[in-house]
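The values are calculated or read from the model by the stated rules, or taken from the named source; none is laboratory data. Quantities reported herein were computed from a predicted structural model and do not represent experimental measurements. Glycine also receives a Cβ, built like all others from the backbone with ideal geometry; neighbour counts cover every protein chain displayed. With ligands, DNA and RNA removed, areas are computed over all heavy atoms of the protein, side chains included. Shrake-Rupley method; radii C 1.70, N 1.55, O 1.52, S 1.80 Å.
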Amino acid sequence: MIWFDYCNTQTFRNIFIVLMMDKILLVDDDHDILDVVSMLLRRNDYNVMTISRGTYISSTIESFSPDLILLDVALAGEDGRDICSRLKKSDDTRHIPVILFSAHYDLVNSIHDCQADGLVTKPFEVPYLLNTIKQNIHKYN
């Protein structure tokens with residue numbers, strides 16, 4: 001009876017909803033971009049984890065288990081395309097869709113080279129970003 005009462009609480013419902021939400025790992029060294037994009041994604045019912053350095057990506061993937069990675073190309077001291085290539089070559093992470101996120105418009109060829117699943121250029125149109133995520137988030141399921 002106590003378990004049933006707990007299951008009917010708002011707290012339990014909120015936890016259950018968060019657990020059922022698709023998870024997006026957002027990687028960008030611009031904290032303003034992290035704030036704005038994570039707020040946008042949360043308002044569209046995504047569970048979002050943000051990191052500002054590519055060096056943290058492996059441990060964050062292990063602990064957060066994202067359904068999709070939104071990865072900036074021009075990270076401080078790192079190239080997101082190299083990170084994407086490593087993720088796509090690994091048996092543990094190749095199933096995670098990676099969308100490159102960049103202010104550079106000339107990256108179409110490098111998407112194929114690093115096996116990225118998509119590209120969103122900054123500044124971005126919100127509907128385009130959300131549609132690209134929606135099209136890719138369950139791509140390998």
Taking ASP67 as the residue in question, decide whether it is under 16 Å from the mean Cα position of the chain (by Cα) and either closer than 20 Å to ASN141 by Cα or basic (Lys, Arg) (or both).
yes
Residue by residue through segment 104-141, note down the ones that are in a loop (DSSP other than H, G, I, E, B), among the hydrophobic types (A, V, I, L, M, F, W, C) and within 13 Å of the chain's Cα centre (by Cα).
ALA116, ILE137
Counting residues that are at pLDDT 95 or above and among the hydroxyl-bearing types (Ser, Thr, Tyr), which strands (runs of 3 or more DSSP E) fully inside segment 1-94 reach at least 1?
46-51
Please list, ordered by first then second residue, the pairs with beta carbon atoms under 6 Å, 6 or more apart or interchain, first in segment 36-60 and within 15 Å of ASP79 (Cα to Cα), second among the acidic types (Asp, Glu) and open to solvent by 10 Å² or more (accessible area, probe 1.4 Å).
SER52/ASP29; GLY54/GLU78
Out of segment 26-47, which residues are open to solvent by less than 60 Å² (accessible area, probe 1.4 Å) and among the charged types (D, E, K, R)?
ASP28, ASP29
Reported set for segment 48-71 where residues are among the charged types (D, E, K, R) and surrounded by 15 or more Cβ atoms within 10 Å (Cβ to Cβ) is ASP67
